[in-house]
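Here the structure comes first, spelled out in structure tokens, and everything after it is commentary.
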Amino acid sequence: MYVCICNAYRDAEIREAARSGLRCAHKAYAALGGGPRCGRCLPVAQDLIDREHDAPAALAVSAAELSGARAG
């Protein structure tokens, strides 16, 4: 399926970029040949990457936010 319509990036391409070691949607797009244009696809692309690495960014961010809230 197409994830990024602007650049015509498919989910398989983004997953492959993640398997090559990339963990950021912006870096994956750069490796595929260009950055995001409108940006609407970035959450979906990042989710695909996180799933490939089995480490959802949302959980990491939530844990960091909780740690910061306790420290302050």
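The values are calculated or read from the model by the stated rules, or taken from the named source; none is laboratory data. This one's a predicted model, so the numbers in the text were calculated from it and none came from an experiment. When we count neighbours, we look across all protein chains shown, and the Cβ atoms used for this are built from the backbone with ideal geometry, even at glycine.
Computed quantities for the displayed model
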quantity	calculated
Near pairs, Cβ below 7 angstrom, 6+ apart or cross-chain, from the stretch 1-20 (more than 11 Å from LEU32 (Cβ to Cβ) and acidic (Asp, Glu)) to any residue that is modelled with pLDDT of 95 or more and in a helix (DSSP H, G or I)	ASP11/LEU48
Residues located in the stretch 9-34, provided they are of a type outside the set (A, V, I, L, M), outside any helix (DSSP H, G or I) and surrounded by 15 or more Cβ atoms within 10 Å (Cβ to Cβ)	TYR9, ARG23, CYS24
Meets criteria (farther than 14 Å from ARG15 by Cα and modelled with pLDDT of 95 or more) for ARG70	no
Flag if LEU48 is at pLDDT 95 or above, surrounded by 14 or more Cβ atoms within 10 Å (Cβ to Cβ) and assigned to a loop (DSSP other than H, G, I, E, B)	no
